[in-house]
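*Asks:* I am attaching a structure below and will ask some questions about it afterwards.
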Amino acid sequence: MYYQFYQNQADLMAPLRAAARGMGGVLRQFDNGRPETFGIRQWTAALELLAGTSITHLRPPFGFTTVQVGNQEVKVEEEVVASTPFGQLLHFKKDTALPQPKVMVVAPMSGHFATLLRGTVQVLLPENDVYITDWANARDVPVSAGRFGMDEFIDHVIAYQRHLGPGGHVLAVCQPAVPVLAAVALMAEDKDPATPASMTLMAGPIDTRIRPTEVNRLAMEHDIGWFERHLIDTVPWRFQGAGRRVYPGIAQLSAFVSMNLDRHVKAHVDYYRNVMGGDSIRANAHRKFYDEYLAVMDLPAEFYLETVKGVFQDHELALGTMTWRGRPVRPGAITNTHLLTVEAGRDDICSVGQTEAAATLCTGLPAAMKHHHLQADVGHYGVFNGRRWANEIYPLVRSVIMGEEATATAA
């Protein structure tokens, strides 16, 4: 019942944080940047630090309104082109007649919303017709909507890829690399005309036996019953998904924070100093990051437990024992989809070699259609966000999408 306890505490703290946010805004009006208002800046910094640690459960906006296409700035409109209670396929529709490759970005169903991939989409958007899987917060999905496990995730990927139609492309970030590879294998075996022309897998746990990380070791230390007893809880009564069994987003956030606790403490100390010192650029960058980082979503219990057991404990895809609705998943059936795997040299979540293992499983693909890139100088998030993603990794993704020979190698 820790979820109910957390929610009670969050409800009690909400008025205090709202008051701190309001008071900080008022005090900021009296700060003229001079020594005599130093005390005001101290109080403002303390109040904003308190207000900025609040956790939210709503998806932040993507915020794309225009994009530069060639030498023209065009409007961007978000449109939902397919939906179920558990998610929707979101299309970033651009006001241009220029034909562009259709690319579906499959976001992780993790403790964060699809907007965590805002930087990924931003880089893809000028040259591609971009779609993204926008997963729902499980605590907002009524119990009557049924279960959502690995089979249902694969169902969604296949259905959404069919929406793109023949010639589409798929890019999976982190956890969905496994169900995406499975979906493409099933589509290829069925000779589905919507089988993607290219598949990019980025920092995904295809074979977690390779150089296990702390995340992998934790999964192996306990049986699946332990995870169900200690990490699964029930959505509190006043939410739409009341009674649904979930892995609460707050639990996953706590795990992520604990992995890099010193870094997060330092970030908040620096934020306090930046507000107090009047460095609005760094302070705003901190707010922007943590507004996203502290927006969490719950996972359906079935999906979380099946992922832990099937991917991290039993290594089903890697060992050839994975099934979809009782049907074997055969990556070797993929014969005409260009494959690009991307890894980060300093990844503490998905280590080097785990994603590249997809190439070994895709025995039906000729070597010329398999590409791998190791970005040695980044961590997990640097693979799909930031300067290295934009300048060094995306050009390889573009080459694979265009059907060109990608010179993907270690960097």
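*Asks:* In nm, to one decimal, how far is the modelled label at GLN240 from the one at ALA82, with both set 7 Å along Cα→Cβ?
*Replies:* 2.1
*Asks:* Give a quick list of trypsin sites (Lys or Arg not before Pro) in region 106-169 that DSSP marks as loop, anything other than H, G, I, E or B, with at most 16 other Cβ atoms within 10 Å. Kindly include the intermediate steps, with their values, before the conclusion.
*Replies:* Values: sites: ARG118, ARG139, ARG147, ARG162; in loops: ARG147.
Passing sites in region 106-169 are ARG147.
*Asks:* Along the Cα→Cβ direction, 7 angstrom out, place labels at GLU214 and ALA285. What is the inter-label distance in nm?
*Replies:* In this crude label model, GLU214 to ALA285 measures out at 2.5 nm.
*Asks:* Sequence neighbours fewer than 8 away in the same chain don't count; with that in mind, list the lysines whose C-alpha is under 25 Å from LYS266.
*Replies:* Once the sequence-local lysines are set aside, what remains near LYS266 is LYS288.
*Asks:* State the extension gain, in nm to one decimal, for the chain segment bounded by ALA367 and VAL143, taking 0.36 nm per residue of separation less the distance between their alpha-carbons. Could the numbers behind the result be given before it?
*Replies:* Working: separation 224, 0.36 × 224 = 80.64 nm, distance 4.61 nm.
Here the segment from ALA367 to VAL143 would lengthen by 76.0 nm.
*Asks:* Please report how far the C-alpha centroid of region 294-362 lies from that of region 373-392, rounded to the nearest whole angstrom.
*Replies:* Taking the Cα centre of each part, region 294-362 and region 373-392 sit 20 Å apart.
*Asks:* Okay, next question. Where the convex hull is taken over the Cα atoms of region 145-241, what is its projected area averaged over directions, in nm²? If you can, show how the numbers build up before the last one.
*Replies:* Details: hull surface 34.6 nm².
Taking the Cα atoms of region 145-241, their convex hull projects to 8.7 nm² on average.
*Asks:* For region 343-404, what value does the Rg/Rh ratio take when both radii are computed over Cα atoms and Rh is the Kirkwood radius, given to two decimals? It would help to have the intermediate numbers written out before the result.
*Replies:* Details: Rg = 12.3 Å, Rh = 12.5 Å.
Using Cα coordinates only, the ratio equals 0.99.
*Asks:* Is region 64-199 best put as rounded, prolate or oblate by its Cα gyration tensor, with a ≥ b ≥ c the root eigenvalues, rounded for a/c under 1.5, and otherwise prolate when a/b is larger than b/c, oblate when not? Each step should come with its number before you reach the end.
*Replies:* Values: a/c = 2.00, a/b = 1.33, b/c = 1.50.
Verdict is oblate for region 64-199.
*Asks:* Let me ask something else about it. Provide the FRET efficiency to the nearest 0.05 for the ALA390-ASP95 pair, computing r from the beta carbons and using R0 = 22 Å.
*Replies:* Numbers: r = 23 Å, r/R0 = 1.06.
The value I calculate is 0.40.
*Asks:* Can you give the FRET efficiency to the nearest 0.05 for THR335 and ALA194, using r as the Cβ-Cβ distance and R₀ = 22 Å? Please report the intermediate quantities before stating the final value.
*Replies:* Details: r = 15 Å, r/R0 = 0.70.
With R0 = 22 Å, the Cβ-Cβ based efficiency is 0.90.
*Asks:* Report the Cα centroid-to-centroid distance between region 109-148 and region 207-223 in angstrom, as an integer.
*Replies:* 26
*Asks:* In cubic angstrom, how much convex hull volume per residue do the alpha carbon atoms of region 295-411 span?
*Replies:* Numbers: hull volume 15.9 nm³, N = 117.
Looking at region 295-411, the number lands at 136 Å³ per residue.
Read the figures in this text as sums done on the coordinates, not as results from a lab. Quantities reported herein were computed from a predicted structural model and do not represent experimental measurements. FYI the Cβ positions are ideal-geometry reconstructions off the backbone, even for glycines, and counts take in every protein chain you see.
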